[in-house]
1. For the stretch 151-233, which trypsin sites (Lys or Arg not before Pro) are both in a DSSP coil and crowded by at most 12 other Cβ atoms within 10 Å?
2. With each run of n ≥ 4 DSSP H residues scored as -39500 (n - 2.57), what mean residue ellipticity at 222 nm is computed for the chain after dividing by its residue count and rounding to the nearest 500 deg cm²/dmol?
3. When DSSP assigns beta bridges and you keep just the ones with both residues in the stretch 76-225, what percent turn out antiparallel, to the nearest 5?
4. Can you give me the distance in nm between label points at Y137 and T220, each placed 7 Å from the Cα along the Cα-to-Cβ direction?
5. Below 11 angstrom from the Cβ of D62, what's the summed charge of the other residues (Lys, Arg +1; Asp, Glu -1)?
6. Kindly express, to the nearest 10 degrees and within the range 0 to 90, the angle between helix 37-47's C-alpha long axis and the longest C-alpha principal axis of the chain.
7. For the chain, modelled as a GNM with alpha-carbon contacts under 10 angstrom, which of I139, I154, I209 fluctuates the most?
8. With everything on Cα atoms, drop me the angle between helix 199-213 and the longest principal axis of the chain, reported from 0 to 90° to the nearest 10.
Amino acid sequence: MLTRKMAVIADDDKETLRNLVSTLEDDGFEVALALDTNHAIQLIKKVNPVLVISEIGKHNYDGLYLFESFKKEVRLANHLKMVILTNNADEKYEILSFESGIDDFLIKPLRKNAFRKRITRYFKEEKAPQKSPKKQYQIRDLFFNITNKSIHKIPNQEVIPIQAKTFDILLFLALNHDHIFSREALINAIWPVNSKVTARSIDVHILKIRQLLGEGYIKTIKGVGYIFLKSEE
């Protein structure tokens, strides 16, 4: 990993903080600790981190509010990874978190080795120069811009508001339009290994796609999963 990457942590769990700081510093990070969510927002603006980790559902640590504050900022969107690490295993928080566009939802206690694998996966592209991936795709009448994860219909140039993970799922299905994917397959394709993402989360993202684009793009194959329609049925 490259040195001097910044991470901001918004949590007051002392044991979790000790493990997180130790793990991140071992992997070449500098760590800034936030006293509460408002302080975390100030730190993010100041230190320009590549990783933000926050609790959720506490009066002084509101990860959803924190992530909503930054997910639309182009300056941060292409490199900032946002992670919930929480004691709260309520599924509604998991669904709300992924709807908010976070990159991962983890349940305490922190498993250091598994967490380190996630960090490696998040930032592995920094290890060595690689061939630049294609930045734009046109599939049917949809135009995908990978750089800022935006989408519009051709010939209309108006950008359709879409969350990052919803964009990722739509693009993955569109690029692999000849295949049916189960919910589990989509989770494995989009999220890091061992993420606590549920099948219900996938259904929520598919519903969002249909609300944004209409019914003619994603088809449900009952008992199997989802497929992107190469042409309108």
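The values are calculated or read from the model by the stated rules, or taken from the named source; none is laboratory data. Keep in mind it's a predicted model, so treat the numbers as computed, not measured. Neighbour counts are summed over all protein chains in view; Cβ atoms, including those assigned to glycine, are modelled from backbone coordinates with ideal geometry. The protein model used for the area step is the full one, side chains on, heavy atoms only, and it has no ligands, DNA or RNA in it. Shrake-Rupley method; radii C 1.70, N 1.55, O 1.52, S 1.80 Å.
1. K222, K230
2. -11500 deg cm²/dmol
3. Beta bridges within the stretch 76-225, antiparallel portion: roughly 75 percent.
4. It is 2.4 nm.
5. Spelling it out: positives minus negatives among the neighbours equals -2.
6. Helix 37-47 sits roughly 90 degrees off the main axis of the chain.
7. Largest GNM mean-square fluctuation: I154.
8. So the helix axis and the longest Cα principal axis differ by about 50 degrees.
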